[in-house]
Amino acid sequence: MNHTKPLTPHHFAPWQDGTSKPLISFSNVSKTYGDFSAIDNVDLKIYPKEFFALLGPSGCGKTTLMRMLAGFEEASTGTIEIDGHNMKGVPANKRPVNMMFQSYALFPHLSVADNLAFGLKRSKMPKSEIDGRVEEMLRLVQLTKFAKRKPHQLSGGQKQRVALARALAKSPKLLLLDEPLGALDKKLRQETQFELVDIQEKTETTFVIVTHDQEEAMTMATRIAVMDHGKLMQVGTPDEIYEAPNSTYIADFIGDISIISGHVQDIENERATIIWDESQTPIRGSFERNVTKGTQAHFAIRPEKIQISKTEPSQGYNKIFGQVEDIAYTGNMSTYFVRLPNQKLITSQMVNDRRISQRSITWEDHVWLSWHDEAGIILAK
């Protein structure tokens, strides 16, 4: 099943409302282990009802940040607040937080229903209410008919939903998810992403997920924090991170992209012009605010934004010529790898709206690549 998640609705953007109070606040938070800095001076606010993603490669600090939020680690410096309360010295079991691990950690000898009831029985919930809450959670994750089964009788996706229901059973203000879909195969992972979003919206619980999977973060999150070496590199909605990266690091980390470096020749009418190769026309486009005339800059553009043609476009900017070196056919899309005279490789993607036998461009063809002014972005770093 193919799904497309709409862009973050305009009516849900508490981070743009100066009167909104965050549920989570990191203020000048750092975490060091001896000489190693795992988290470096992080400032971050996460708001109620968000599905927030901490995204980055292994070792970037995202899991450390989550563990500090959960209470498994203490910050070396700075403050962490949840719902306005400073969490310094507050143990994990006293925080309004629950955590769901990749391993799920279900009790193998207990049924699904008993797994859900276990935490409730140890809480202050009256016994008369526990059965009703278990039934409610089973309905939420669509596992009512599996209530009497043991974990070994469930599929990976079903185990994941049991773990999620158990984590939500005590109605935490905040649910932390550490690579929760990593154990699932690709197709099931894609289906489960949308189930998670639906459950999060129904319960209105704030979710914070740690993941290294860009597609996972882009699909589920209201906002994404991209991390590297303990620093927050950019925080924004999925479309902001993809369409308006603030650096070549972000542009290169999220999705496929071509980056062309040159020098800024001119800035005028909210457009910058880059000279990058004497044999090619200049590049003109919108730019990130730190771009200045006479300095080096980098033009970043996604392959789906680039048109490919055998005939030269009439425009005076934003067209380059080269030769098709390779073609990747993936069914619905074809990706063309075009080698420029300066040996740089640029990729262009086209939707296969006709049979492959009718494709007019093939290997070793000389082609023109072109795009409009808004297709890419010029970055200072």
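Bear in mind that the values in this text are calculations on the coordinates, not laboratory data. Just so we're clear, the structure is a prediction, and the values are computed from it rather than from any experiment. Neighbour counts run over all protein chains shown; Cβ positions are idealised from the backbone, glycine included.
Of the Cα atoms belonging to region 257-379, the radius of gyration and Dmax stand at 14.8, 47 Å. Could you identify which residue out of 300, 217, 13 has the top mean-square fluctuation in a GNM of the chain using Cα springs shorter than 10 Å? Among 300, 217, 13, the largest mean-square fluctuation in the Gaussian network model of the chain belongs to 13.
Taking 0.36 nm per residue of separation and subtracting the Cα-Cα distance, full extension of the segment from residue 155 to residue 350 would add 66.5 nm. Calculated FRET efficiency, residue 102 to residue 244, Cβ-Cβ distance, R0 = 35 Å: about 0.65 to the nearest 0.05.
The charge dipole of region 162-313, taken about the Cα centre with unit charges on the Cβ atoms of Lys, Arg (+1) and Asp, Glu (-1), comes to about 340 debye, rounded to the nearest 20.
Over the Cα atoms of the chain, the radius of gyration divided by the Kirkwood radius equals 1.05; this is the Rg/Rh ratio. Listed by Cβ neighbour count within 10 Å, with the fewest neighbours leading, 206, 19, 64 appear as 19, 64, 206. Each part reduced to its alpha carbon centroid, region 121-177 and region 322-381 end up 49 Å apart. The helix-based estimate of mean residue ellipticity at 222 nm for the chain, built from -39,500 (n - 2.57) per DSSP H run of four or more residues and divided by its residue count, is -6500 deg cm²/dmol to the nearest 500.
Measuring nothing but alpha carbons in region 145-205 and taking Rh as the Kirkwood radius, the Rg to Rh ratio lands at 0.96. For region 1-110, chymotrypsin sites (Phe, Trp or Tyr not before Pro) are listed when DSSP marks them as loop and at most 16 other Cβ atoms sit within 10 Å of their Cβ; the list is 12, 72, 101. Take the Cα pairs of region 289-356, get the Kirkwood Rh, then feed it into Stokes-Einstein at 10 °C and 1.306 mPa s and tell me D in µm²/s. Diffusion coefficient, whole number: 114 µm²/s. You can think of it this way: the chain between residue 27 and residue 263 has 81.2 nm of extra reach, that is 0.36 nm per residue less the Cα-Cα gap. Taking every DSSP beta bridge that has both ends in the chain, the antiparallel portion is near 75%. Remark: relative contact order (region 216-321) = 20 percent; criterion is Cα-Cα distance under 8 angstrom and separation of 6 or more residues.
Of all aspartates and glutamates in the structure, the ones whose alpha carbon falls short of 18 Å from that of residue 173, not counting any fewer than 8 places away in one chain, are 50, 81, 83, 136, 198, 201, 204.
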